Amino acid sequence: MKSAWSRIVALFTSLRLTVVLLVLSILLVFAATLDQVHLGVWGVQEKYFRSFFVYARISGTNVSVPIFPAGYLLGWVLLINLMAAHFYRFRFGWRKCGIWLTHAGLILLLIGEGLSGMMQQDNQMRIDVGQTRRYTESFRETELAVTNTANPGFDEVVSIPFERLDQPEPIQHPKMPFAVRTVAYYPNASMRMRSQLSNPPPAVATAGDGTGMVVQPLPVTYKDNENNWPTAYIELVGPEGSLGTYLVSTMLVEPQVLSFQGRSWSLVLRPKRDYLPFAVTLKKFTHDVYPGTDIPKDFASTIHLKSDDGQADREVRIYMNNPLRYGGRAFYQAGYDNNDRTSVLQVVRNPSWQIPYLSCAMIAVGLVIEFSMHLFGFFSRRKTEPEAVMS
Amino acid sequence: MPEPKPIRSQILLLVVTSFAAGLAGCKDRDVTSYRIPKEAESAPAASGPAAEPQAGPRWEAPAGWETQAASGMRLGSFRVSGAGGTSADVSVVSFPGSGGDDLANVNRWRNQLQLQPIDERALADSVQSLDLTAGRFAVVDLAGPSAGGKASQRILGAWLRDGGQVWFIKMMGPADLVGTQKKAFADFLASFRLPQKAPESSAPSSLPGSAQGGTNDLPPGHPGVPAAAGSPSGMDSMPVQTAEVPTLRWQAPGDWAAKPASSMRKASYSVGGAEVAITVFPGDVGGVLANVNRWRGQVGLPEISQADLGGHVAAIDTNGLHFTVVDEAGSSARIMAGLLPWQGVTWFFKLTGPPDAVERAKPAFLTFLKTVKAP
């Protein structure tokens, strides 16, 4: 057992493993770069980097098999390799502090990327001039919001991630008096009015706005210039049986309302929201161009920021490359729409955003120390052995 | 290489596995719940030139109607509370175009009450007309069945068409409660006032905050701006999501008054007595024939077959884009539309209005289509 353990430790502490992992990483980046043409940035990140294996489908079947280690696996093994080698090989001494610092910086960089992958939220806020918003919306994630609107003072929202609908078991929650059962789940679909089809299939929805619709499933797209329209048929099941089957889709923006046990509820499938502990009001949006051209000189949003705790109550100007950082989020000026009446802000929430800066600084300082020590050692040797150096 | 010490090995293993387990648990796919204040984010800010209210219909809410935040497609939203904690919902929604025919509207609401659809003959008995200050409202009163211990639901619905726009006012809730609100609902309709129409010559400035003409051009190299996806007019009853769709660019004539876009519309303009609406919808939206027939239906013309389609459409190729152009004129309304399938979505550029107004706007509209280009 001990020798087996020793072999495992020898494997994970070996420099050979490091080299193999780096070569595999290079191949992975190369393959991902080529595949970006087909999948786009988001698809490539998901397939090659933010997963443990790259999968390929066996042609003619629906079976996918892992064919190559992906980013998470390579990153984790590299991290373990670095830490293990450090733990066993290196002994701390002031002469080694440069190497130590460089390796610690590398380890931190890997951990930081892992944390970013797990925790970073990329959202957007579309806001019209004069509007106040208290939430941002996810670019990619979708939620089924089941909202109890009966209370005059507040709304109680139960947020069901769209992916959770891809399972046969009914979803229950203490705040919902009914269960949500998935009848059909489409990660991407288009819709048509039944009245437009000469021979429409039988209606699936029995209540709500979907009774006049026909859903046509579409393959999921990862392309940057296309988007998916998540859609599902869900049945609400109360203690006394079904309350109806509803069609929910991100194409149906207006919440569908229903009344159950004397309370009003609303159902809507929408981009996942992140509610903020502060309010953002767009006071002004400016879009200046160079005279006589359409080339933008500047576009900027002047917003009023007001926090619930009263600590912030001020105006902020957000413009290109000058984001607002507040409440753990960075608001970037990303675009505009609607004849310059709508400003589009990209809102990034990444609790670990400072780690790459810190790790790069550690690596830089570590390398400077290491090379400086070599340089000073070289000079001092040259001083003590001038003849040897001359010869 | 030194022989590893067992105790060190175990510490290392513990650190690595606990860290891995910690990170693996970070992805949250759980059902969550949270409480939010009643949404009021659509309300304009209290001050500043940008905060001028947009021109819209006006009304007086009857006593007991609690104003809710207008959101999404709703211009107005009210809650009416009844006995035993019951409540009914009142919405005021506006759509461009005709909003579909009366039969489709009534059957849509009947569907919501789990009632069987009716045909044209039964429609006349179902819809009443009400001549009020704002115009002639079509009004229906529909009650659903009570089944499985659930209280019966009832809809009081009204719609009013005016100038290429349709307003829907709808109350839905428990039948008993809605029954007590019939007079209040009628009072509400009586108080309804449409936005003031400015004289033709001052049309561009009639809309506070609206821009004249204008372009939607993006700067070169700018990241794709999510566009408001819309639906063609025949799907007016189906509000659609604002989503990331690559946007086209165009240059509207200077005398077209831009109107505030809704989440359905990419842009809209007031052109004399007619209106130009630009919407986008995923997929082929039924193809050319279905759209042509829908528009023909809206202007009171009979459907055509695939064989006749060639005589009703023309093609415009401009800036590498291929438009199918349709011009359908009825006795009281005319629709001229450019239909453009592009990158998995279909764009609709539609000019609607009285036949003479559309005729006047036609040359500018065709020129406008030629300014449309891919980014």
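The values are calculated or read from the model by the stated rules, or taken from the named source; none is laboratory data. If you're wondering where the values come from, they're calculated on a predicted model, not measured in any experiment. Here Cβ is always computed from backbone atoms with ideal geometry, including for glycine, and neighbour counts include all displayed protein chains.
What is the one condition in (1) more than 7 Å from chain B (Cβ to nearest Cβ); (2) not in a strand (DSSP E or B) that residue A:146 does not satisfy?
It is condition (2) that residue A:146 fails.
For residues that are farther than 13 Å from residue B:34 by Cβ and touching a strand residue (DSSP E or B) at 6+ places or on another chain (Cβ under 8 Å), scanning just segment A:156-168, find the one that is farthest from the other protein chains (Cβ to nearest Cβ). Steps first, please.
Let us first name the residues in segment A:156-168 that are farther than 13 Å from residue B:34 by Cβ, namely A:161-168.
When the remaining residues are screened for being touching a strand residue (DSSP E or B) at 6+ places or on another chain (Cβ under 8 Å), the result is A:161-162, A:164-168.
On the way: A:161: 5, A:162: 10, A:164: 6, A:165: 11, A:166: 11, A:167: 11, A:168: 16 Å.
Among them, the one singled out is A:168.
Does segment A:108-123 contain at least one residue that is more than 18 Å from the chain's Cα centre (by Cα) and within 14 Å of chain B (Cβ to nearest Cβ)?
Checking segment A:108-123: at least one residue is more than 18 Å from the chain's Cα centre (by Cα) and within 14 Å of chain B (Cβ to nearest Cβ).
I'd like to check something: does segment A:211-226 contain any residue that is under 14 Å from residue A:147 (Cβ atoms), assigned to a strand (DSSP E or B), of a type in the set (A, V, I, L, M) and touching a Ser or Thr at 6+ places or on another chain (Cβ under 8 Å)? Talk me through it step by step, then tell me what you get.
Quick first cut of segment A:211-226, residues under 14 Å from residue A:147 (Cβ atoms) only: none.
The answer is no; no qualifying residue exists.
Restricting the search to segment A:280-323, which residues are assigned to a loop (DSSP other than H, G, I, E, B), modelled with pLDDT of 80 or more and of a type in the set (Gly, Ala, Ser)?
Those that are assigned to a loop (DSSP other than H, G, I, E, B), modelled with pLDDT of 80 or more and of a type in the set (Gly, Ala, Ser): A:310, A:312.
With the checklist (1) within 9 Å of chain B (Cβ to nearest Cβ); (2) part of a strand (DSSP E or B) in hand, flag the one item residue A:205 doesn't pass.
(2)
Just checking, does segment A:61-72 include any residue being in contact (Cβ under 8 Å) with a residue 12 or more places away in the chain and within 14 Å of another protein chain (Cβ to nearest Cβ)?
Residues of segment A:61-72 that are in contact (Cβ under 8 Å) with a residue 12 or more places away in the chain, as a first pass: A:66-72.
Narrowing the set further to residues that are within 14 Å of another protein chain (Cβ to nearest Cβ) leaves A:71-72.
The answer is yes; a qualifying residue exists.
Per-residue answers, yes or no, for (1) more than 16 Å from the chain's Cα centre (by Cα); (2) at pLDDT 90 or above:
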site	(1), (2)
A:338	yes, no
A:341	yes, no
A:346	no, yes
A:350	no, no
A:355	yes, yes
A:359	yes, yes
A:364	yes, yes
A:369	yes, yes
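Taking the stated definitions as given, is residue B:366 surrounded by fewer than 23 Cβ atoms within 10 Å (Cβ to Cβ), at negative phi and modelled with pLDDT of 85 or more?
Details: surrounded by fewer than 23 Cβ atoms within 10 Å (Cβ to Cβ): yes; at negative phi: yes; modelled with pLDDT of 85 or more: yes.
When the stated conditions are applied, residue B:366 passes them.
Test residue A:116 against the criterion of being surrounded by 15 or more Cβ atoms within 10 Å (Cβ to Cβ), among the hydroxyl-bearing types (Ser, Thr, Tyr) and within 20 Å of residue A:274 (Cβ to Cβ), and give yes or no. Full working, then the answer.
Working: surrounded by 15 or more Cβ atoms within 10 Å (Cβ to Cβ): yes; among the hydroxyl-bearing types (Ser, Thr, Tyr): yes; within 20 Å of residue A:274 (Cβ to Cβ): yes.
In short, yes.
Of B:132, B:194, B:177, B:207, which residue is at pLDDT 65 or above, out of contact with any helix residue (DSSP H, G or I) (no Cβ under 9 Å at 6 or more places or on another chain) and either within 22 Å of residue B:58 (Cα to Cα) or buried (at least 18 other Cβ atoms within 10 Å of the Cβ) (or both)? Show your work before the answer.
Details: B:132 fails: out of contact with any helix residue (DSSP H, G or I) (no Cβ under 9 Å at 6 or more places or on another chain); B:177 fails: out of contact with any helix residue (DSSP H, G or I) (no Cβ under 9 Å at 6 or more places or on another chain); B:207 fails: at pLDDT 65 or above.
Among B:132, B:194, B:177, B:207, only B:194 is at pLDDT 65 or above, out of contact with any helix residue (DSSP H, G or I) (no Cβ under 9 Å at 6 or more places or on another chain) and either within 22 Å of residue B:58 (Cα to Cα) or buried (at least 18 other Cβ atoms within 10 Å of the Cβ) (or both).
Please find, within segment B:78-94, the residue that is nearest to residue A:151 (Cα to Cα) out of those that are under 23 Å from the mean Cα position of the chain (by Cα) and within 9 Å of another protein chain (Cβ to nearest Cβ). Lay out the reasoning, then the answer.
First pass over segment B:78-94, keeping only residues under 23 Å from the mean Cα position of the chain (by Cα): B:78-79, B:88-94.
Subset that is within 9 Å of another protein chain (Cβ to nearest Cβ): B:79, B:88-89, B:91, B:93.
Values: B:79: 11, B:88: 13, B:89: 13, B:91: 18, B:93: 23 Å.
Checked segment B:78-94; the qualifying residue nearest to residue A:151 (Cα to Cα) is B:79.
Could you list, in sequence order, the residues of segment A:174-202 that are part of a loop (DSSP other than H, G, I, E, B) and in contact (Cβ under 8 Å) with a residue 40 or more places away in the chain? Break it down into steps so the answer makes sense when it comes.
The initial filter retains those residues of segment A:174-202 that are part of a loop (DSSP other than H, G, I, E, B), namely A:174-178, A:187-188, A:197-202.
Of everything in segment A:174-202, those that are part of a loop (DSSP other than H, G, I, E, B) and in contact (Cβ under 8 Å) with a residue 40 or more places away in the chain turn out to be A:177, A:178, A:187, A:188.
Please work out which residue is farthest from the other protein chains (Cβ to nearest Cβ), limiting yourself to segment A:322-362 and to residues that are in contact with a strand residue (DSSP E or B) (Cβ under 6 Å, 6 or more places away or on another chain) and among the hydrophobic types (A, V, I, L, M, F, W, C).
Here the answer is A:324.
Out of segment A:227-244, which residues are within 7 Å of chain B (Cβ to nearest Cβ) and not in a strand (DSSP E or B)? Give the derivation first.
Filtering segment A:227-244 down to residues within 7 Å of chain B (Cβ to nearest Cβ) leaves A:227, A:229, A:240-241.
Correct list: A:227, A:229, A:240.
Would you confirm whether or not segment A:130-140 contains a residue that is away from every other protein chain (no Cβ under 11 Å), touching a residue at least 60 places away in the same chain (Cβ under 8 Å), small (Gly, Ala, Ser) and closer than 23 Å to residue A:254 by Cβ?
If we filter segment A:130-140 for residues that are away from every other protein chain (no Cβ under 11 Å), which is where we start, we get A:136, A:138.
Filter again for touching a residue at least 60 places away in the same chain (Cβ under 8 Å), leaving A:136, A:138.
Of the ones still in play, those that are also small (Gly, Ala, Ser) are A:138.
From the residues that got through so far, the ones that are closer than 23 Å to residue A:254 by Cβ too are A:138.
Within segment A:130-140, one or more residues are away from every other protein chain (no Cβ under 11 Å), touching a residue at least 60 places away in the same chain (Cβ under 8 Å), small (Gly, Ala, Ser) and closer than 23 Å to residue A:254 by Cβ.
Run down A:29, A:37, A:44, A:63 and say which single residue is under 30 Å from residue A:221 (Cβ atoms), out of contact with any strand residue (DSSP E or B) (no Cβ under 8 Å at 6 or more places or on another chain) and modelled with pLDDT under 85. Spell out how you get there, then give the answer.
Numbers: A:29 fails: modelled with pLDDT under 85; A:44 fails: modelled with pLDDT under 85; A:63 fails: out of contact with any strand residue (DSSP E or B) (no Cβ under 8 Å at 6 or more places or on another chain).
When all the criteria are applied, what remains is A:37.
So if I check each of B:314, B:361, B:307, which one is farther than 18 Å from residue B:267 by Cβ, modelled with pLDDT of 85 or more and not charged (D, E, K, R)? Steps first, answer last, please.
Details: B:361 fails: farther than 18 Å from residue B:267 by Cβ; B:307 fails: modelled with pLDDT of 85 or more.
From the options B:314, B:361, B:307, the qualifying one is B:314.
Can you tell me which residues in segment A:197-206 are under 20 Å from residue B:118 (Cβ atoms) and surrounded by fewer than 22 Cβ atoms within 10 Å (Cβ to Cβ)? Step through it out loud before you land on a result.
So in segment A:197-206, the residues under 20 Å from residue B:118 (Cβ atoms) come out as A:197, A:200, A:202-203, A:205-206.
Across segment A:197-206, the qualifying residues are A:197, A:200, A:202, A:203, A:206.
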